[in-house]
Each structure stands twice: as structure tokens, then as C-alpha cells.
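Student: What follows is a structure written as C-alpha cells; I'll ask about it next.
The values are calculated or read from the model by the stated rules, or taken from the named source; none is laboratory data. Since the model is a prediction, treat every value here as computed from it, not as a measurement. Positions of Cβ are generated from backbone atoms using ideal geometry, with glycine treated the same way; all protein chains shown enter the neighbour counts. Please note that ligands, DNA and RNA were not included when accessible areas were found on the heavy atoms of the full protein model with its side chains. Shrake-Rupley method; radii C 1.70, N 1.55, O 1.52, S 1.80 Å.
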Amino acid sequence: MNALFQDLETATLEQFNERELPQWLADPLLEVARNPEKYGDREYLVEMLLAQVREYDVYADTGCCKWAYDHEDLKRTLGWLKEGE
Amino acid sequence: MAVYLDCNATTPVEPSVAALAARFLEKDFGNPASPIHDHGLFARAAVEHARAQVAKVVAARPDEVIFTSGATEANNLALLGLAEAARREGRCHVITTAVEHKAVLEPCEELQRLGFELTVLPVAADGRFDPKQLAAALRPDTALVSTMQVNNETGVSQPLAETAEILSGHGAWWHVDAAQGFGKELAPLQNPRIDLIAVSGHKIHGPKGIGALVARKRDGFLPPLRPLMFGGGQEQGLRPGTLPTPLIAGFGEAAKLALRDHEQRREACRTFRAEVLRVFADLGARRNGDERHTLPHVLNVSLPGIPSDRAIHALKGTIALSSTSACTSHTRTPSHVLAAMGIPPELAECSLRLSWCHLTPAVDWNRVTEILRRLRP
């Protein structure tokens, strides 16, 4: 379980420091990653979030078809995760 | 209750798979094709998450995964779906092997009826086709090569790496029926030369009624498949119909577990296998299929003098096993797989298939031995 949250923290920091993940998304993502006791009962959504962070691309929705996850996807999944609070 | 040893027919569902499927049946029931509200958006997110989980097992891209009702439909879509493009290109030759599942052999027969020429490669006594014979059978007009990954009756793994080398310089589409090997033997399916892979959910502790065709892109384009059904644009127009989110989410979870727990599962199966091999060696069983190429969770043996149905009936209170593939075991036709391996009918009629998994509990092998010894003529 904790490995999942650690992976989320690592992926978020990597996307924030080395790519184009904005701070307004990185902050709530890190809040989830650093609180496994709070979000541990929503493992499926955290897994989904991790996959989306890893495949995040600011230009995901440009071109002929969507090929990655953009800020709207992350924001929406964060919203579903927080619904359980 | 007898211990279930028929995991090649179907596997027990993992608890987390069942829980996730129940969630999307009971609570999050939205239609992924209606992403105009949160219900639909969440269902769509779940489907896309599962798509990525399935793709990861074979090192494919998520957009190369087309969900189907199972491996049978995926095989049909791959084989019959390419017919039109093949004919348009003037390529009317198809190659397959003698030990394929009926879900491949029958669509191939349908291609034959449509005017395609079919070459069926034989297999040796070890249960494998010879890649050299494949190389010899290839023609400039070969449109499609269809070879399975792992045989459903014997558990024997086919020479896919060698096949990839042979096909590297040829334009034929290569389809692999991976119903029995997906998630159980990882490397062969990750070979980028394989164009089409048919997979099943319920063989990897997922739900029944869900599978996928993985269609790898060449130069950015999917293989030129035509749908077999019409009536909606789902799955890139190749498989219309409302997506079964509970089954798809469950399949995704099962794929995730198959990848994550791969080594542990294999080790558990190897440990169980050592005991099964010992028991059947003591009983004087004859092995069907080469041990060196058999996956650790399957054993096909013949007990001379003990017809399969008598053994299965006598053992029914102790272990639940089968004699041939689940799809044909009710027909009592002799196994075409064992026949292709050159196993004489009198031995094929005495064949037993035992298949287990990491969830299989301990078996009272002394009781099994005692029952089988009593059946000896």
C-alpha cells in the first residue's frame, strides 16, 4: 500500500520538476501521496491517479486523437478521490 | 468439495477483481460512452485505466487494445477482420498450426470457404510446430500467420521467438492466440513483431465474458481490420456495443495482478508441479508434451489402461480435472491436439489434463493414487 503512495510522490515530483505538471495540480497530488492513512481506503482511485500522472502530458488533447492524460483528467480524478473524504 | 484442478478451463476470480466488478455493477454504473456527466466520465476513466493495464502486460500502447467478449471473439476479429484487406492486396494464403484451438481453426476454415488457401503446419511429438516448416510454407502471397502461444490441452509453449525471426523480413500479419499464456509467460508476447494478440480475462482470474484483441500499430497504423459487427463506434469502430465496465475494470485489475505477482505465482505453480509430477511418475503415467516447454501450471498425462472418463468420474470427490479442452470436452471427440502429436488413440483416450494456479489448495495425493491404482485393469 505504502509503495503505491511512494510511487505517486515520485511520479508527481518527476513530472513537476522535469516536465510541465503545474503547481496547482502537483500540490493536491502530493497531499494525497503523503497521506496514505487518509486515502488508503481508496486504493483503486490512487492507482488510477498514479497511472494518469505517469502518462501526463500538457498537450495530450491536441492533434487528431487523445494519447495521454491532461490536467482535466487529473483534476477530475482528484475530485473523485476527495469525494470520499 | 473436490480440489479444482481445471484452471486451463477457467480460473477462480481474485477477490480484488470481484470487488471492483461489484463496484461498477452496483455503485458506479455509468456508461463510458456517455461522458457528459460524472457517471459516464468515471466509467470512461475506469475503462481507459483497464485498457492501459492490459496493454502493459504485452508492452503495447493502450490505444492498441480492443475490448471484446473474450479470446474467441478476438481470434475471429483478427482472422476474419483482415480478410478484406488481404484480398484487396492479392494475398490469399493463410498459415496456422494443427494444435490451434477451435476458435482459430474454425475461422481459418471459414477463410478457406471464402477462397483463401490454408496451410496447416504439423507439430512434433513434443507438441510444438517447427519454425523451419513455417519458413518453408511462407509465400509472397501469405497474408496471415496464426500461431498460438501456449496450447490449452498440453500447456506446451510454442516457438514464438524463432517465429518472429522468420517473419521479420516478411509482410504477413502475425496473429497469436494467447488465451492460455497471457499474463503467465510474459516475454514472448512482448515481441513487437506480433501484430495481433487475442487474450481472455477469465484465464487470469478475471471475469468471464471479457477479453481483448491487442492490435499493434505498424508505422503508426492499426492493422487494416474490418469489424464483424456494426451498430456503434466503440473500440475505434471495430467492436460496437456498450462497453461492460464491470468486466473491463475487473479484467484490468486481473492483468495488473498477473504482472505484479508473476514470479510469485510461477513459483507457487512450480512447487505444486513437483508434487504432481512425482505422483503421476509413480503411477507410470506417460507425459503428453515436452516438460522443457510446458508452463508450470499444466500437466497432460495418459494412464494406460484407464479411460479418462472413468478416472475423472472416480476422482470427482477428490479432484476436479478434465481430459481435453473445456470447449470440446462435452463432445467426446478425440483430441485433435494429441492426435497431431502422434499419440495413438488408445493413449489419447486415457489422457488427463491437470491445471492449477497460485490459489489451488493442497491435494490429498495419497487418496488420488489409491483411487487410480484401483482402476488399473
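Student: Given (1) at pLDDT 95 or above; (2) facing chain A (nearest Cβ under 10 Å), where does B:R51 come up short, assuming only one miss?
Tutor: Going through (1) at pLDDT 95 or above; (2) facing chain A (nearest Cβ under 10 Å) one by one, B:R51 breaks only (2).
Student: Just wondering, is there one or more residues in the range B:74-90 that are within 14 Å of another protein chain (Cβ to nearest Cβ) and either crowded, with 23+ Cβ neighbours inside 10 Å or modelled with pLDDT of 95 or more (or both)?
Tutor: no
Student: Looking at this structure, is B:I166 open to solvent by less than 10 Å² (accessible area, probe 1.4 Å) and of a type in the set (V, I, T)?
Tutor: no
Student: Please give the number of the condition B:K27 fails out of (1) within 14 Å of chain A (Cβ to nearest Cβ); (2) open to solvent by less than 40 Å² (accessible area, probe 1.4 Å); (3) out of contact with any Pro (no Cβ under 8 Å at 6 or more places or on another chain).
Tutor: Single failed check for B:K27: (2).
Student: With respect to the numbered conditions (1) in contact with a Pro (Cβ under 6 Å, 6 or more places away or on another chain); (2) touching a residue at least 60 places away in the same chain (Cβ under 8 Å); (3) over 22 Å from B:G70 (Cβ atoms), which one is the sole condition not fulfilled by B:E162?
Tutor: Just one mismatch for B:E162, condition (2).
Student: Which condition does B:F67 not pass, out of (1) open to solvent by 20 Å² or more (accessible area, probe 1.4 Å); (2) more than 11 Å from chain A (Cβ to nearest Cβ), if it passes all the others?
Tutor: Exception for B:F67: condition (1).
Student: Determine which member of the set B:V301, B:V276 is more than 30 Å from B:N75 (Cα to Cα) and surrounded by 14 or more Cβ atoms within 10 Å (Cβ to Cβ).
Tutor: B:V276
Student: Take the conditions in contact (Cβ under 8 Å) with a residue 60 or more places away in the chain and more than 8 Å from chain A (Cβ to nearest Cβ) and apply them to B:P32. Does it pass?
Tutor: Yes, satisfied.
Student: Among the residues of the range B:105-124, is any touching a residue at least 24 places away in the same chain (Cβ under 8 Å), open to solvent by less than 10 Å² (accessible area, probe 1.4 Å) and of a type in the set (V, I, T)?
Tutor: no
Student: Would you point out which residue out of B:A71, B:A136 is modelled with pLDDT of 95 or more, of a type in the set (G, A, S) and over 20 Å from the mean Cα position of the chain (by Cα)?
Tutor: Of B:A71, B:A136, the one residue that is modelled with pLDDT of 95 or more, of a type in the set (G, A, S) and over 20 Å from the mean Cα position of the chain (by Cα) is B:A136.
Student: Which residues, taken from the range A:19-40, are exposed (fewer than 12 other Cβ atoms within 10 Å of the Cβ) and either within 12 Å of chain B (Cβ to nearest Cβ) or assigned to a loop (DSSP other than H, G, I, E, B) (or both)?
Tutor: Hits for the range A:19-40 are A:R19, A:E20, A:N35.
Student: Among the residues of the range B:15-23, is there at least one that is surrounded by 15 or more Cβ atoms within 10 Å (Cβ to Cβ), without any contact (Cβ under 8 Å) to a residue 40 or more places away in the chain and closer than 21 Å to A:V46 by Cα?
Tutor: Checked against the condition, which is being surrounded by 15 or more Cβ atoms within 10 Å (Cβ to Cβ), without any contact (Cβ under 8 Å) to a residue 40 or more places away in the chain and closer than 21 Å to A:V46 by Cα, the range B:15-23 yields no hits at all.
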